[in-house]
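A short worksheet on the structure shown next.
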Amino acid sequence: MTDAASDSLADRDWRLIRDDPRDGATQMALEEVAAETALEDGVRTVRTFSWEPSTLSLGYRQDAETVDWDFCEREGIGVTRRQTGGGGIYHDRCADISYTIVAPADEVPGDLMDCYDLFCEPILEAFDRLGVDADFAASEQDAIYQPSCYLRDIHPAHDIVAPAGASDAAHPKKISGNAQYRQRDVVIQHGSLSFDLEPTRHVGTFATEIEDATFTDRVTSIREQVGELDRETAVETLGDALGDWCDADAEAWRAEELEAARDLADRKYGSDAWIRNRETLEASEQ
């Protein structure tokens with residue numbers, strides 16, 4: 001980040017929320033609520049979070065028929081749908097670490113690639129602090145299975161791979177996916193970092209016969225790159241990097257934000273209409 005961009009971030013009011021584990025519908029609703037807070041109160045948000053229960057988040061336009069619904073029900077895996085595009089991501093309660101960045105659109109670069117560069121700085125910094133040699137992909141890789149985010153084509157703009165300096169004999173693998181969307185006049189970026197691998201459950205959420213080895217040949221994890229590491233340490237390191245990046249104050253969700261998120265989760269992110277068909281129900285229709 002340039003000095004000017006760094007100064008601009010530090011001059012704003014940011015909060016760091018080290019969030020509790022929550023169900024997928026509530027986690028997605030909280031992002032919209034944070035966007036409202038940024039617009040109405042001028043408070044920007046960075047946060048770390050995890051999913052309880054483990055959850056498959058579908059990309060905005062993803063066909064619900066690509067999901068193995070029986071597998072998800074049998075394994076106790078929740079399903080929701082994101083506002084961002086791309087393929088589905090299985091967020092394991094222990095193997096996945098997620099984050100969100102929320103800021104007014106007029107305070108960040110208007111160019112999408114420049115905004116990715118800026119918002120991914122703390123993610124790359126976290127990997128560096130953890131001893132992971134990670135960076136944006138140097139080149140594109142073709143998709144293996146389009147409905148799965150981690151098996152789609154790898155894009156240098158927003159996909160992070162490790163090891164960054166891998167040779168042809170040891171090709172870099174995806175370790176983090178990141179995506180952005182705009183809610184009114186706010187930019188929301190969220191992403192997933194692979195702390196560990198759960199290939200059977202990840203592949204199993206999709207209606208496909210892809211082998212576990214196909215997944216592990218494409219995807220790596222923090223633990224695979226650095227060896228034994230406590231998950232709490234990794235989560236704390238990511239939170240520290242996010243907070244340092246924008247000089248954020250440690251805070252918690254306001255009571256009214258949690259209430260609004262529960263309502264939005266019921267009306268939208270937890271409803272079959274949204275999850276299966278991208279339809280949002282109004283409160284009067286519940």
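The values are calculated or read from the model by the stated rules, or taken from the named source; none is laboratory data. What you are looking at is a predicted structure, and each value in this text was computed from that prediction instead of being measured. Note that each Cβ is placed from the backbone with ideal geometry, even for glycine, and that neighbours are counted across all protein chains shown. Protein only, heavy atoms only, side chains kept; ligands, DNA and RNA dropped before computing areas. Shrake-Rupley method; radii C 1.70, N 1.55, O 1.52, S 1.80 Å.
Points to keep in mind about this one:
- The numbered conditions (1) of a type in the set (A, V, I, L, M, F, W, C); (2) open to solvent by less than 20 Å² (accessible area, probe 1.4 Å); (3) more than 14 Å from Leu151 (Cβ to Cβ) are all true for Ala252 except (2).
- Of all the criteria given as (1) open to solvent by 20 Å² or more (accessible area, probe 1.4 Å); (2) charged (D, E, K, R); (3) in contact with a helix residue (DSSP H, G or I) (Cβ under 8 Å, 6 or more places away or on another chain), the one not satisfied by Glu257 is (1).
- Residue within region 49-70 that is more than 18 Å from the chain's Cα centre (by Cα), under 23 Å from Ala252 (Cβ atoms), surrounded by fewer than 18 Cβ atoms within 10 Å (Cβ to Cβ) and not β-branched (Val, Ile, Thr) present: no
- Unique residue being of a type outside the set (Asp, Glu) and under 23 Å from Trp14 (Cα atoms) when the list is Ala265, Ala234, Ala273: Ala234
- Flag if Thr80 is farther than 18 Å from Cys246 by Cα and part of a strand (DSSP E or B): yes
- Cβ separations smaller than 6 Å between residues 6+ apart or across chains give the following pairs from region 253-275 residues that are part of a helix (DSSP H, G or I) to residues that are open to solvent by 70 Å² or more (accessible area, probe 1.4 Å): Ala273/Glu279.
- Condition met for Ala35 (touching a Lys or Arg at 6+ places or on another chain (Cβ under 7 Å), under 19 Å from Cys115 (Cα atoms), not in a helix (DSSP H, G or I) and not aromatic (Phe, Trp, Tyr)): no
- Of the residues Val67, Val43, the single one that is under 23 Å from Asp106 (Cα atoms), at pLDDT 95 or above and aliphatic (A, V, I, L, M) is Val43.
- Test: Pro156 is touching a residue at least 12 places away in the same chain (Cβ under 8 Å), out of contact with any Gly (no Cβ under 9 Å at 6 or more places or on another chain) and not aromatic (Phe, Trp, Tyr): yes
- Selection from region 90-111 of residues that are assigned to a strand (DSSP E or B) and either within 21 Å of Gly239 (Cα to Cα) or open to solvent by 20 Å² or more (accessible area, probe 1.4 Å) (or both): His91, Asp96, Ile97, Ser98, Tyr99, Thr100, Ile101, Val102, Ala103, Pro104
- Restricting the first member to region 79-100 and to residues that are on the phi > 0 side of the Ramachandran plot, and the second to residues that are buried (at least 23 other Cβ atoms within 10 Å of the Cβ), the beta-carbon pairs closer than 7 Å and six or more apart or on different chains are Gly86/Cys149.
- Residue check: Asp114 meets all listed conditions (1) modelled with pLDDT of 95 or more; (2) open to solvent by 40 Å² or more (accessible area, probe 1.4 Å); (3) among the charged types (D, E, K, R) but one, namely (1).
- Of all residues making up region 89-116, the number that are more than 11 Å from the chain's Cα centre (by Cα) and under 21 Å from Arg152 (Cβ atoms): 6
- Taken over region 36-47, the criterion of being surrounded by fewer than 24 Cβ atoms within 10 Å (Cβ to Cβ) and farther than 23 Å from Thr237 by Cα is satisfied by Glu36, Thr37, Leu39, Glu40, Asp41, Gly42.
- Of the helices (runs of 4 or more DSSP H) entirely within region 179-247, those holding at least 1 residues that are farther than 30 Å from Asp70 by Cβ and among the hydrophobic types (A, V, I, L, M, F, W, C) occupy 222-226, 231-246.
- Restricting region 134-157 to residues that are buried (at least 21 other Cβ atoms within 10 Å of the Cβ) and touching a Ser or Thr at 6+ places or on another chain (Cβ under 9 Å), the residue that is farthest from Ser192 (Cα to Cα): Pro147
- Taken together, the residues in region 117-133 that are surrounded by 18 or more Cβ atoms within 10 Å (Cβ to Cβ) and farther than 18 Å from Asp240 by Cα amount to 0.
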